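Inspection log for the structure reproduced underneath, given as structure tokens.
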Amino acid sequence: MIQEAVNRLDAWIEREQFRGWDPYDALNSSLLKALTFGQRRMGQVWVQLMKRSPVNLRPLLRVPKEYNPKGMGLFLASYWRKYQLTGDAHCLDQAAFFAEWLRANVTVGYAGACWGYNFDWPNRGFFAPAGTPTIVNTAFVGLSFLDVARSEDHAARKRVMPHALTVAESACRFVLSDLNRLQTVPGNVCFSYTPLDKRYVHNANLLGAQLLAETAALNDEPTWQQMALAAARYTVACQRPDGSWLYGEEKKDRWVDNFHTGFVLVSLQRMGHSLQTDEFRTAVSRGYAYWKEQMFLADGTPKYYADRLYPIDIHAVAQAILTFLAFTHVDNEAYPRAVQVAEWGIQHMQDQRGYFHYQIYPAYRIRIPYMRWAQAWMQRALMALLMESSVRSQDSFDDGRRPFENLA
């Protein structure tokens, strides 16, 4: 089931040539942008109306399908893995295309390589014009370059990006030099979302820290390791008694949701490995137990919040797969749970044309094929699951056991 779903998704993505719409791209319509009258609040209104509408008004409003920098970073990570799994030269060529596009489309004027969105983004806290670099986008792109940099396949690495580590190091300089910082106690720090704001968000903070930690594991930069630890300590100190984390500590950010919690858990888990520390083990264990117990129905349906099912969001499906896969070494149930969530997502949210729907509500669903939010993330998650399946299948053959047939 999963391999077939990936094939259908890949075919759809490639037919679209990796360009698409986004839940937040409303202001790429010149009409809607004019109707904001230069006010952030009005921009938020148009973005939310377009994001929540089950009818896709983008063709009517002339919102173009475009490359999204975060989406391109996810595609790089996925096609690099697909090449490792299959040896298909086409996948290597695609990965090289994404790497070169990302290198050529950095946001200029900052201390290091960085990436934003291809649309104006009026949000709860501030207004970010198109191209404004974010810590989240920069971290995901930088981590995709680290995937390449760590490879021992020198020929493939040279074909895709011979200086992949240099790009990741440059992204670290952006995190360290261009973002604002919050310091509540000595030794703790939280990075801002963009250079323009002072909004401190836990998953964003940790993604930047994860990039620093994983890059430092390759180039042995002790200062970067210390900054990564300081950022992790800030977020760990904010863990709530039940094991959860709020999205952010400001009044307007005080909610707990499924996929942002997943980001926090994966980053902390990966950082512990990169920094060779078990300092965060207890916090991660408590957080993982909360997330696993509170964020799903028995059949694998991912809830949006612990106390609320709807909207069922494809992003929660994708991140749940990746989060469970990150904990297979400590939880025997994690791999079967990743398979369960993946199969649920395929059965309930994959369109017959191959792409994944955006959200499900009690009375309707939003079927709009968002490229970054839905397709790039589901491709990334399902490719990770196929790679894990391949490893387990090989281990099964080595042990004389049968491989997992439901992943064939």
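A few notes on this one:
- Cross-chain or 6+ apart pairs with Cβ under 7 Å, segment 114-128 first and closer than 12 Å to GLY71 by Cβ and in contact (Cβ under 8 Å) with a residue 40 or more places away in the chain, then acidic (Asp, Glu) and not in a loop (DSSP other than H, G, I, E, B): ASN118/GLU66
- Among the residues of segment 232-250, those identified as small (Gly, Ala, Ser) and under 15 Å from GLN269 (Cβ atoms) are ALA232, GLY243.
- Here PRO54 clears all of (1) in contact with a strand residue (DSSP E or B) (Cβ under 7 Å, 6 or more places away or on another chain); (2) in a helix (DSSP H, G or I); (3) surrounded by fewer than 15 Cβ atoms within 10 Å (Cβ to Cβ) except the condition numbered (2).
- Filtering ASN105, ASN123, ASN118 for residues that are touching a strand residue (DSSP E or B) at 6+ places or on another chain (Cβ under 7 Å) and polar (S, T, N, Q) leaves a single hit, ASN118.
- Complete set of residues in segment 37-87 that are farther than 14 Å from PHE119 by Cβ and in contact with a Leu (Cβ under 6 Å, 6 or more places away or on another chain): MET72, TYR83
Residue by residue, here is whether (1) crowded, with 18+ Cβ neighbours inside 10 Å; (2) touching a helix residue (DSSP H, G or I) at 6+ places or on another chain (Cβ under 6 Å); (3) touching a residue at least 24 places away in the same chain (Cβ under 8 Å) holds:
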| site | (1), (2), (3) |
| --- | --- |
| TYR234 | yes, no, yes |
| ARG240 | no, no, no |
| GLU249 | yes, no, yes |
| SER267 | yes, yes, yes |
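- Being modelled with pLDDT of 95 or more and surrounded by fewer than 20 Cβ atoms within 10 Å (Cβ to Cβ) is a property that holds for GLY272.
- Checked against (1) modelled with pLDDT of 95 or more; (2) of a type outside the set (Lys, Arg); (3) touching a Leu at 6+ places or on another chain (Cβ under 8 Å), ASP253 passes all but condition (1).
- For beta carbons closer than 9 Å, sequence separation of 6+ or different chains, a first residue in segment 203-219 that is in contact (Cβ under 8 Å) with a residue 60 or more places away in the chain and a second that is surrounded by fewer than 24 Cβ atoms within 10 Å (Cβ to Cβ) and among the basic types (Lys, Arg), the qualifying pairs are GLN210/ARG270; ALA213/ARG270; GLU214/ARG150; GLU214/ARG270; LEU218/ARG150.
- Any hit, segment 2-12, residues being at pLDDT 95 or above, touching a Gly at 6+ places or on another chain (Cβ under 7 Å), charged (D, E, K, R) and in a helix (DSSP H, G or I): yes
- Checked against the criterion of being closer than 26 Å to THR132 by Cβ and in a helix (DSSP H, G or I), segment 180-187 has no qualifying residue.
- Matching residues, segment 106-122, being surrounded by 16 or more Cβ atoms within 10 Å (Cβ to Cβ) and either closer than 24 Å to LYS51 by Cβ or not aliphatic (A, V, I, L, M) (or both): THR107, TYR110, GLY112, CYS114, TRP115, GLY116, TYR117, ASN118, PHE119, ASP120, TRP121, PRO122
The values are calculated or read from the model by the stated rules, or taken from the named source; none is laboratory data. Being a predicted model, the structure only gives us computed values, none of them experimental. FYI the Cβ positions are ideal-geometry reconstructions off the backbone, even for glycines, and counts take in every protein chain you see.
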